[in-house]
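Right, one structure below, let's go through it.
FYI, it's all coordinate maths here, none of it is from the lab. Computed from a predicted structure; not experimentally measured. Here the Cβ positions follow ideal geometry from the backbone for every residue, glycine too, while neighbour counts run over all protein chains shown.
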C-alpha cells in the first residue's frame, strides 16, 4: 500500500510541476519533498518501491528547479520602463528651486505599486502616489530640488517596489550665484536708449 501511495504522490507531483504559477510551484515542491522524505524512510529493496523512490526524488529536484525559476526576479526592466534615469538640470541659479517629472510606464502584465520613494538628502523632495498602476499605464513621480548646493551637484532618489525591486534615479547639474551688486551703469548706453546720443 505504501508503494502505491508513494507512486501516486510522485505522479501527482510531476503533473503539478507543469503548472506555471508560483502557487503551483510551491505546492509541487512541498508534495515532492514529502514523497521524497517518505521514500527515504522505506529504503526500498523491490523494483516498484525503487521506481517510486526515484520518481519522487526526480519530482523533488524538478520542483526545486521550478521554485527557483518562479522566484521573484529583481529586474526592474521587465516591470517598469523609465523615460530617463539620469536627469540633467543644466545650470540653475543657486537657491532657486528646480523640479522635474520622472515619467515611467508599467510594462508588466500585472498592476504595480510603489512602496516608497526616498530622497538621498534633505534638499530633494519627491511627491508620489503608491498606485496601483495598471498594466500599460504611464505615471509620474514629481521630484523637487531646493537648489541650495553650491556648484556642481549630483543627487539620487531611490524608488522601492514590492518584492525588493528598486530603481535609483540620478539628477545632476550646476548652480551659479548671481553677483550681489548689479553691473555699473553705462552712460553711453543710457544716452542711446533715450535718443540723446546724436
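Quick look at the values:
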| read-out | value |
| --- | --- |
| Cα gyration tensor shape for the range 121-171, rounded if a/c is under 1.5, else prolate or oblate | prolate |
| Förster radius 25 Å - calculated FRET efficiency between residue 115 and residue 84 (Cβ-Cβ, nearest 0.05) | 0.70 |
| Virtual spin-label span in nm between residue 156 and residue 180, 7 Å along Cα→Cβ | 3.7 nm |
| Extension reserve of the residue 124-residue 166 stretch, reckoned as 0.36 nm per residue once the Cα distance is removed | 13.3 nm |
